[in-house]
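Enquirer: Could you have a look at this structure, given as structure tokens, before my questions?
The values are calculated or read from the model by the stated rules, or taken from the named source; none is laboratory data. All values reported here derive from a predicted model rather than from experimental measurement. We place every Cβ from the backbone using ideal geometry, glycine too, and count neighbours over all the protein chains shown. Side chains are part of the model used for accessible areas, which takes the heavy atoms of the whole protein and leaves out ligands, DNA and RNA. Shrake-Rupley method; radii C 1.70, N 1.55, O 1.52, S 1.80 Å.
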Amino acid sequence: MQVEKYLHRHEVLSARHGQAAVLEGLDEAEREVALEFLTHARALRAIRAQGDPAVPLRVLRQLQAWGGVTLVYRKPIENSPAWRLTQKKWPMRWPRGVTLLDEHQPLSIDIDEYRRVCAIRLQRADEPQPLHLPARSVFVAAGTQPNAIVAGEFPGQFTTRDGYLASVHPRGAGTGPKSAHHDFFCRIEADGRRISFVGDAHPAFAGNVVRAMASAKRAAPVIDAALRALPPRPAGPDFTQFANELADRWQARVTACRELAPGIIELAVRAPSAARAFQPGQFYRLQNFETLAGTTGNGPVGTRPGMEGLAMTGAWVERDSGVLGMIVLESGASSDLVRRLRPGDPVVLMGPTGQPTEIVGGETVLLVGGGLGNAVLFSIGAALRAAGSNVLYLAAYRRNRDRFRIADIEAAADTVIWCVDEAPDFVAGRPGDAVFHGNVVQALLACRDRHLGQRPIRLADIDRLIAIGSDRMMAAVAAVVRGELATTIKPNCRFIASINSPMQCMMKEICGQCLQWQQDPVSGRPRLVFSCNTQDQPMLAVDFANLADRLAQNGAQEKQARQWLALQISLNSTD
């Protein structure tokens with residue numbers, strides 16, 4: 001389906017712009033992927049065009065000839081949780097054409113010249129030589145560990161046993177991990193209010209999606225009964241008022257959408273509960289409602305423009321009005337769709353999620369923002385100043401016109417250095433601030449040599465450096481503080497980078513799409529971190545090369561999707 005969709009769009013775009021123009025923006029690795037997609041899709045089209053009854057089988061054999069799908073398990077498949085928990089339904093669910101390879105231990109993964117996976121090496125105990133299995137994608141099932149992260153986020157609020165949340169009876173006694181199916185409450189307040197837990201968080205239902213759905217089905221009447229048992233509140237709202245109150249607090253609606261600079265969009269959303277819970281450094285998951293998105297284009301190019309989930313850091317918040325602001329860089333089809341949102345449109349807004357940035361007092365903190373990263377630092381800088389820290393801010397941009405919310409940046413810092421790659425066409429708006437012509441690294445070196453402003457930033461005074469921007473910018477900052485500035489900056493200075501790795505569920509340590517490699521700079525020991533739970537990471541430990549590879553892994557599809565959306569919009573405007 002993926003390659004056939006890619007071919008269809010490629011042909012429509014090529015008919016309008018020419019194939020050379022369609023492929024022009026791809027780098028060498030992306031071009032190789034695109035051409036393989038097109039080759040495979042044309043082969044599948046040729047098979048389907050024959051129209052004989054054996055087409056499905058011939059398609060399957062062709063897919064297998066290209067490598068197919070292999071399910072690898074380290075032990076006998078009968079030992080796997082998938083088999084043990086759903087053994088009776090296993091034969092009905094087994095997909096045709098998938099090869100099962102159990103009792104094989106993974107040894108290593110091979111990569112090609114573009115640092116992409118090309119094969120996996122497996123070892124079976126009774127075979128002397130390892131198996132070299134070609135593979136372009138490797139998906140890892142990380143296991144069925146209890147999901148009790150909420151207990152760590154709110155210490156003392158929940159009880160855990162054996163890693164699971166423990167259910168609690170109204171009398172206050174915990175039932176432990178093997179609780180009965182009717183125990184769906186992990187906390188009960190003195191006034192009768194309760195916190196329920198279902199799905200993977202519940203020890204009696206953890207392990208698979210079928211059990212998770214069963215837990216919700218069984219929990220619903222229990223929760224309903226608990227609500228009905230609460231004593232009536234005098235002069236309390238009726239159900240309609242209560243429902244309207246919930247909708248007002250939780251339903252998110254756009255209040256404004258405007259362009260701050262070319263390709264940079266500010267989106268304001270009224271979502272009172274989400275806004276009031278926000279802390280600096282946290283983010284949200286934003287999507288439009290596909291059923292309300294309408295259709296762009298006509299005929300063969302008609303598409304319903306649904307967004308994928310976008311990780312959006314809160315730039316500012318108005319707690320009284322319940323409005324929060326997010327700033328979007330138009331860098332792909334989904335982010336390009338944000339400018340199509342209109343005031344009053346409902347949106348899906350999950351969050352805030354992720355850990356807030358650590359706010360300290362009594363320190364000298366250097367904020368380094370690159371492009372859109374400056375939007376994230378508004379609230380962080382203001383909170384640091386309110387806590388009593390001295391905030392120095394290096395705000396970097398490629399072009400003069402990329403600057404936005406200038407007053408907010410000035411309010412977030414005691415001293416600002418405006419850094420622009422092109423020749424600056426402005427002057428600093430406050431005494432003591434400075435303007436620098438060059439990139440981030442050059443600006444930091446100028447700070448070392450004290451060539452900036454009336455009150456230059458003294459790197460020797462810095463207790464903490466927080467960098468937020470593109471992966472390349474943060475990698476460059478890490479390289480210069482590790483190298484040329486190593487003897488200038490205070491020895492115990494903390495270096496922090498806010499990592500913008502690919503994300504999917506954004507629900508904290510669930511799907512694993514956001515995993516980021518780190519390598520301890522002293523011991524060299526590697527470890528994996530869930531970036532959706534811990535965005536702020538020790539800068540000198542982050543593997544920025546791995547981050548760059550991850551961010552570019554779907555480049556061929558993303559670039560085509562952006563071209564496709566531009567075509568649809570142009571057709572709509574023509575109509």
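Enquirer: For an R0 of 41 angstrom, estimate the FRET efficiency from the Cβ-Cβ distance between V210 and A20 and round to the nearest 0.05.
Expert: On the way: r = 50 Å, r/R0 = 1.22.
Result of the calculation: an efficiency of 0.25.
Enquirer: What accessible area per residue, rounded to a whole number of Å², is obtained for the chain using a probe radius of 1.4 Å? Working shown, then result.
Expert: Values: 30630 Å² over 575 residues.
Averaged over the residues of the chain, the accessible area is 53 Å².
Enquirer: How many percent of the alpha carbon pairs in segment 458-575 exceed a separation of 19 Å? Present the calculation step by step, with values, prior to reporting the outcome.
Expert: Working: 3903 of 6903 pairs.
In whole percent, the long-distance tail amounts to 57.
Enquirer: For the modelled label position 7 Å from the Cα of R527 along Cα-to-Cβ, which residues of segment 120-152 have backbone nitrogen atoms closer than 20 Å?
Expert: Answer for segment 120-152: 142-143, 145-152.
Enquirer: Something else about it: Taking every alpha carbon pair in segment 416-519, what does the distance histogram look like in 5 angstrom bins from 0, in percent?
Expert: Taking every Cα pair in segment 416-519, the percentages come to 2, 11, 17, 20, 18, 12, 8, 7, 4, 1.
Enquirer: Output ³J(HN,Hα) for segment 188-199: one whole-Hz value per residue in order, computed from phi by the Karplus curve 6.51 cos²θ - 1.76 cosθ + 1.60 with θ = phi - 60°, and x for Gly and Pro.
Expert: 10, 7, 4, 8, x, 5, 9, 10, 9, 8, 9, x
Enquirer: Still on this model: If you find the alpha carbon centre of segment 1-30 and of segment 310-345, how far apart are they in angstrom?
Expert: Rounded to whole Å, the Cα centres lie 30 Å apart.
Enquirer: Another question, if that's okay. So, by mean Cβ neighbours within 10 angstrom, what's the order for 197-206, 541-550, 25-34 with the highest one leading?
Expert: Details: 197-206: 21.5, 541-550: 18.4, 25-34: 15.9.
For the peptides 197-206, 541-550, 25-34, the packing ranking is 197-206, 541-550, 25-34.
Enquirer: So, one more: Would you mind telling me the antiparallel percentage of the DSSP bridges in segment 1-145, rounded to 5? Can you show the working numbers first?
Expert: Working: 10 of 15 bridges.
Roughly 65 percent of the DSSP beta bridges within segment 1-145 come out antiparallel.
Enquirer: Let me ask something else about it. Largest first and to the nearest Å, give the Cα extent of segment 250-299 along each principal axis.
Expert: Reported extents, whole Å, longest axis first: 46, 29, 17.
Enquirer: Kirkwood hydrodynamic radius (Cα pairs, Å) of segment 311-446? Don't skip to the end; give the middle numbers.
Expert: On the way: mean 1/r = 0.0613 Å⁻¹.
The Cα-based Kirkwood calculation yields 16.3 Å.
Enquirer: Could I ask something else about it? Just the Cα atoms of segment 188-265: what Rg and Dmax do they give in Å?
Expert: Computed over the Cα atoms of segment 188-265, radius of gyration and Dmax are 19.4, 56 Å.
Enquirer: Any idea what the dipole of the chain comes to, in debye rounded to 20, about its Cα centre with Lys/Arg Cβ at +1 and Asp/Glu Cβ at -1?
Expert: On the way: 65 positive and 58 negative charges, 293 e Å.
Computed charge dipole of the chain: roughly 1400 debye.
Enquirer: If you don't mind, another one. In deg cm²/dmol and to the nearest 500, what is the mean residue ellipticity at 222 nm of the chain if only DSSP H runs of at least 4 residues count, each as -39500 (n - 2.57), divided by the residue total?
Expert: Values: 17 runs with 180 residues, N = 575.
It lands at -9500 deg cm²/dmol.
Enquirer: Relative contact order for segment 285-428 using alpha-carbon pairs under 8 Å, separation at least 6, rounded to a whole percent? Don't skip to the answer; put the middle values down first.
Expert: Values: 221 pairs, mean separation 26.1, N = 144.
After rounding, I find 18 percent.
Enquirer: In the chain, carbon and sulfur make up what percent of the accessible area (probe 1.4 Å)?
Expert: Details: 16230 of 30630 Å².
On the chain, the fraction of accessible area on carbon and sulfur atoms equals 53 percent.
Enquirer: How big is the antiparallel share of DSSP beta bridges in the chain, given as a percent to the nearest 5? Could the numbers behind the result be given before it?
Expert: Numbers: 56 of 87 bridges.
So the antiparallel bridges in the chain amount to around 65 percent.
Enquirer: Can you compute 3J(HN,Hα) from phi for each residue in segment 269-283, using the Karplus curve 6.51 cos²θ - 1.76 cosθ + 1.60 with θ = phi - 60°, rounded to whole Hz and x for Gly and Pro?
Expert: Along segment 269-283, the couplings run 10, 8, 8, x, 5, 5, 6, 5, 8, 5, 10, x, x, 7, 9 Hz.
Enquirer: Now, a different point. Starting from the coordinates of the alpha-carbon atoms of segment 1-143, obtain the Kirkwood hydrodynamic radius over all distinct pairs and give the value in Å to one decimal.
Expert: Details: mean 1/r = 0.0550 Å⁻¹.
By the Kirkwood definition, the hydrodynamic radius is 18.2 Å.
Enquirer: Counting only Cα, what are the radius of gyration and maximum Cα-Cα distance Dmax of the chain, in Å?
Expert: 27.0, 81
Enquirer: Considering only lysines 8 or more places apart in sequence, or on different chains, count the pairs in the chain whose C-alpha atoms sit under 27 Å apart.
Expert: Lysine pairs meeting both conditions in the chain amount to 11.
Enquirer: Given contacts defined as C-alpha pairs under 8 Å and at least six residues apart, what's the relative contact order of segment 458-575, whole-number percent?
Expert: Details: 148 pairs, mean separation 28.0, N = 118.
24 percent.
Enquirer: Over the chain, what is the relative contact order in whole percent, taking alpha-carbon pairs under 8 Å and six or more residues apart? Intermediate results must be reported in sequence, preceding the final value.
Expert: Values: 1009 pairs, mean separation 52.6, N = 575.
Contact order relative to length: 9 percent.
Enquirer: Against the empirical 2.2 N^0.38 Å scaling, what ratio does the C-alpha Rg of segment 289-379 come to? Could the numbers behind the result be given before it?
Expert: Values: Rg = 17.0 Å, N = 91, 2.2 N^0.38 = 12.2 Å.
For segment 289-379, the normalised Cα radius of gyration comes out at 1.39.
Enquirer: How large is ³J(HN,Hα) for each residue in segment 363-377, as worked out from phi by the Karplus curve 6.51 cos²θ - 1.76 cosθ + 1.60 (θ = phi - 60°), to whole Hz, x for Gly and Pro?
Expert: These are the phi-based 3J(HN,Hα) values: 10, 9, 10, 9, 9, 10, x, x, x, 5, x, 5, 5, 6, 7 Hz.
Enquirer: Which value, in debye to the nearest 20, describes the size of the charge dipole of segment 414-454 about its Cα centre when Lys and Arg Cβ atoms bear +1, Asp and Glu Cβ atoms bear -1, and nothing else is charged? Display every interim value, and only then the final one.
Expert: On the way: 3 positive and 6 negative charges, 40 e Å.
Rounded to the nearest 20 debye, it is 200 debye.
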